[in-house]
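The values are calculated or read from the model by the stated rules, or taken from the named source; none is laboratory data. Because the structure is a prediction, the values reported are computed rather than measured. Virtual Cβ from ideal backbone geometry, glycine too; neighbours counted across all protein chains shown. Accessible surface is based on the protein model in full, side chains and every heavy atom, while ligands, DNA and RNA are left aside. Shrake-Rupley method; radii C 1.70, N 1.55, O 1.52, S 1.80 Å.
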Amino acid sequence: MTDPRQDSATVAVDGPPRWLTTDEQVAWRGLVELSVKLPALLDANLQREAAVTNFEYGVLARLTEEPAGLLRMSALAQDCNGSLSRLSHAAKRLEGLGLIERSTDPADGRYTIATLTEAGRRKVVEAAPGHVRTVLHHVIEPLTPEQLEQLTEIARAVLARIDPASPFLCGSVTSRGTTPPG
């Protein structure tokens, strides 16, 4: 991910400030509220139904997508849109629950590998149906097919500006989550 402070240096600051129009202000406030409330909703549902946070579920789910169920922590952090520090805290908890194991990368001892355990795979299989129901109910079903396509286009446009290396933009996300974990 790019550093937002670096991006702000590229924004023109010459001349008088430009303020948001009424329509822009409404769109911006809606996006801000959505970006706060949706993760909280997903967190609450996953904690209630599966005793994991949304971020922890994302870590486990991402590991299920790897044939061997393992990834370097640095790649996993990037794929899960989290810092290495955040992932390390989550990994410590997941490891304590027996859902992942961490080990030194045998190919390069400077890296740590996270490996999904069988208990971790079962946790994803257990949590996935409720998580998908929540996403369908609160995000997908309220939208028309056209709005869903627009949401995808909007996500691409904004991500292209803030994180051109996003896995979403690179196409690696498009096939994720299309089939139940198994």
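Matching residues to (1) under 18 Å from Q47 (Cα atoms); (2) out of contact with any helix residue (DSSP H, G or I) (no Cβ under 9 Å at 6 or more places or on another chain); (3) assigned to a helix (DSSP H, G or I):
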{"site": "R86", "(1), (2), (3)": "yes, no, yes"}
{"site": "A90", "(1), (2), (3)": "yes, no, yes"}
{"site": "A107", "(1), (2), (3)": "no, yes, no"}
{"site": "P142", "(1), (2), (3)": "no, yes, no"}
{"site": "L159", "(1), (2), (3)": "no, yes, yes"}
{"site": "P164", "(1), (2), (3)": "no, yes, no"}
(request) Search the range 69-89 for residues being under 16 Å from L99 (Cβ atoms) and not polar (S, T, N, Q), and hand back the single one that is nearest to the chain's Cα centre (by Cα). (result) C80
(message) Which count do you get for residues in the range 45-95 that are farther than 17 Å from R122 by Cβ, touching a residue at least 60 places away in the same chain (Cβ under 8 Å) and surrounded by fewer than 18 Cβ atoms within 10 Å (Cβ to Cβ)?
(response) 1
(message) Just to verify a result, which residue in the range 96-126, among those that are in contact (Cβ under 8 Å) with a residue 60 or more places away in the chain and in contact with a Leu (Cβ under 6 Å, 6 or more places away or on another chain), is surrounded by the fewest Cβ atoms within 10 Å (Cβ to Cβ)?
(response) V124
(request) Give me a count of the residues in the range 28-44 that are out of contact with any helix residue (DSSP H, G or I) (no Cβ under 8 Å at 6 or more places or on another chain), among the aliphatic types (A, V, I, L, M) and either in contact (Cβ under 8 Å) with a residue 40 or more places away in the chain or open to solvent by 90 Å² or more (accessible area, probe 1.4 Å) (or both). (result) 3
